[in-house]
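Input: a single structure, listed below in structure tokens.
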Amino acid sequence: MAGSKSYTIVEYFGGEDGYRCGYCKNPTGNFSHGMWSHTMTVQDYQDLIDRGWRRSGKYVYKPILKETCCPQYTIRCHALKFQPTKSHKKTLKKMNKFLSKGELPKGKEDEPSNARHPELNCTVIVDVEKEKVKSIDRALMYFLPALGMGADPSRPPCRKAKDVRKERRLQKEHTRQHTDEVPTIVSSTPLSAINNNQPKTLEEFISESQSDSFSQCLEFRRFLCDSPLEAERSPGGPEMGYGSFHQQYWVNSRLVAVGVIDILPTCVSSVYLYYHPDFASLSLGSYSALREIAFTRQLQKQSPKLSHYYLGFYIHSCPKMRYKGQYRPSDLLCPETYVWVPIERCVPQLDNSRYARLNQDPDAGDARMLNDVGRALVLYRRAVMPYAAYSRKRKGSNDETEVQQYAGLVGQDCAERILLYRS
């Protein structure tokens, strides 16, 4: 490939076979298109998620909403306009109480805590040296019970005492280095006092849990685990650049949760969160989402176009997954026209039908619909060429239907930038 231009390279897999649904447990009711991404630019991924795609590691998939048992609609929150609900404020106050008094909320699975006045540190890790990655990986193994793995998913695995002591030393050294050497991106200074009659902002709730030792730190790293996203920096972009990041939550030098996020040209996309089961009563899922919204608002000051927080998929037909609709104002992506529609206008339609064309304008269409498959780029024998040229080289090729389907799903613009691997 000529020059130093970055390309997205994918292999397309189609989506004819149904598989088990993780929401309603239908054994063959979940349908999606998928492709494996060897590498991907942040702009291409931004455009893909704005067409209903989403990544899981390097696998990028798009649910077939008309066929799947539990349709999954892409949802985004307007971070700058977000106001926490009563439930969100309750979560924030619960965390602040824990940080000030060291007492975990009482719950069935809670264990007594002897910690007093814990210190919470949150870091985004990028471009970490190999040995640091190893220490982080060891720490992440501690979270396997929270992911439903192991003999008893409610308790951590047994470990040798010397391994525990070694891990604690590594964590203390890790925290010390970040506190001393890495610039903070969240000020520990409380926000200016405002009129007592005005409701508290999200940042004010969060600032109550901050002390001189509370910081959100950054280092740079090319890749995050299996992320296909290429790290990018550009003038007018975020200070840490674009790409995939680990956001770690430490309490008293103990790693308690890890959030995986993608920072893209116009949004922060939440990928996944996993946490230690000892801290389940703190509602870390909701708390991390609120912190990520605040993080998005902070990034927007550096990069004005970066103003949305993507929560993944909203599944109206699954009551347990409707909570994402409480982060408002928010929009759902129309699966036919790929325009954003306020969720308030979508809910009545979804109450009547699992699948709905959310855009109520009958004349609206897909502005980036495929109009010329011949211009779609392919990678064939290490050469980049339009599909039309590839077809001439491969006389008798029978993959036009597959390429047509792929290009229609990614849209004309992406089809002309992304390289579709052909063997």
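The values are calculated or read from the model by the stated rules, or taken from the named source; none is laboratory data. Please read all numbers here as calculations on a predicted model, not as lab measurements. Quick reminder, even Gly has a Cβ in these numbers, built from the backbone with ideal geometry, and neighbours come from all protein chains shown.
Out of Gly34, Gly52, one residue alone is within 14 Å of Cys414 (Cα to Cα) and at pLDDT 95 or above. It is Gly52.
Just to verify a result, which residue in the range 317-354, among those that are part of a strand (DSSP E or B) and of a type in the set (A, V, I, L, M, F, W, C), is farthest from Lys81 (Cα to Cα)?
First, the residues of the range 317-354 that are part of a strand (DSSP E or B): 330-333, 340-342.
Those left that are additionally of a type in the set (A, V, I, L, M, F, W, C): 332-333, 340-341.
Working: Leu332: 16, Leu333: 19, Trp340: 16, Val341: 16 Å.
In this case the residue turns out to be Leu333.
The residues of the range 382-409 that are hydrophobic (A, V, I, L, M, F, W, C) and assigned to a helix (DSSP H, G or I), listed by number, are Ala388, Ala389, Val403, Ala407, Leu409.
Taking the conditions (1) over 27 Å from Cys346 (Cα atoms); (2) out of contact with any helix residue (DSSP H, G or I) (no Cβ under 6 Å at 6 or more places or on another chain) in turn, Leu92 satisfies each one other than (2). Checking Arg297 against (1) in a helix (DSSP H, G or I); (2) within 21 Å of Gly241 (Cα to Cα); (3) without any contact (Cβ under 8 Å) to a residue 60 or more places away in the chain: exactly one of these is not met. Which one? Every condition holds for Arg297 apart from (3).
Quick check on my filter: what residues within the range 311-337 are among the hydroxyl-bearing types (Ser, Thr, Tyr) and farther than 21 Å from Ile263 by Cα?
Just the residues of the range 311-337 that are among the hydroxyl-bearing types (Ser, Thr, Tyr), to begin with: 314, 317, 323, 327, 330, 337.
Listed by number, the residues that qualify are Ser317, Tyr323, Thr337.
Which of the residues spanning the range 8-31 are of a type in the set (Phe, Trp, Tyr) and modelled with pLDDT under 95?
Going through the range 8-31, the residues of a type in the set (Phe, Trp, Tyr) turn out to be 12-13, 19, 23, 31.
Once the filter is applied, which keeps residues that are of a type in the set (Phe, Trp, Tyr) and modelled with pLDDT under 95, the range 8-31 yields Phe13, Tyr19, Tyr23.
Using the structure shown, decide if Gly22 is among the small types (Gly, Ala, Ser) and surrounded by 15 or more Cβ atoms within 10 Å (Cβ to Cβ). It is false that Gly22 is among the small types (Gly, Ala, Ser) and surrounded by 15 or more Cβ atoms within 10 Å (Cβ to Cβ). Given the condition within 27 Å of Arg322 (Cβ to Cβ), out of contact with any strand residue (DSSP E or B) (no Cβ under 7 Å at 6 or more places or on another chain) and β-branched (Val, Ile, Thr), answer yes or no: does some residue in the range 347-369 qualify? Looking for residues that are within 27 Å of Arg322 (Cβ to Cβ), out of contact with any strand residue (DSSP E or B) (no Cβ under 7 Å at 6 or more places or on another chain) and β-branched (Val, Ile, Thr), one finds at least one in the range 347-369, hence yes. Within the range 66-89, the only residue that satisfies the criterion of being surrounded by fewer than 18 Cβ atoms within 10 Å (Cβ to Cβ) and of a type in the set (Gly, Ala, Ser) is Ser87.
Residues in the range 386-415 that are of a type in the set (D, E, K, R) and within 26 Å of the chain's Cα centre (by Cα): 1 in all. When we screen Ser307, Ser213 for residues that are at pLDDT 95 or above, in contact with a Ser or Thr (Cβ under 8 Å, 6 or more places away or on another chain) and surrounded by fewer than 20 Cβ atoms within 10 Å (Cβ to Cβ), the only hit is Ser307.
One residue is enough: does the range 246-268 have a residue meeting the conditions in a helix (DSSP H, G or I) and either under 28 Å from Leu48 (Cα atoms) or in the same structural domain as Tyr59 (by TED's automatic domain parsing) (or both)? Spell out how you get there, then give the answer.
Residues of the range 246-268 in a helix (DSSP H, G or I): none.
Scanning the range 246-268, I find no residue that is in a helix (DSSP H, G or I) and either under 28 Å from Leu48 (Cα atoms) or in the same structural domain as Tyr59 (by TED's automatic domain parsing) (or both), so the answer is no.
Every residue in the range 402-423 that is modelled with pLDDT of 95 or more and among the hydroxyl-bearing types (Ser, Thr, Tyr), please. Those that are modelled with pLDDT of 95 or more and among the hydroxyl-bearing types (Ser, Thr, Tyr): Tyr406, Tyr421. Is at least one residue of the range 233-248 modelled with pLDDT of 95 or more and of a type in the set (A, V, I, L, M, F, W, C)? Checked against the condition, which is being modelled with pLDDT of 95 or more and of a type in the set (A, V, I, L, M, F, W, C), the range 233-248 yields no hits at all. Per the listing Tyr23, Tyr45, Tyr61, the residue uniquely assigned to a strand (DSSP E or B) and of a type in the set (Ser, Thr, Tyr) is Tyr61.
One line per residue, one yes/no per condition, for (1) surrounded by fewer than 16 Cβ atoms within 10 Å (Cβ to Cβ); (2) at pLDDT 95 or above:
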| position | (1), (2) |
| --- | --- |
| Lys58 | no, no |
| Ile64 | no, yes |
| Lys101 | yes, no |
| Gly107 | yes, no |
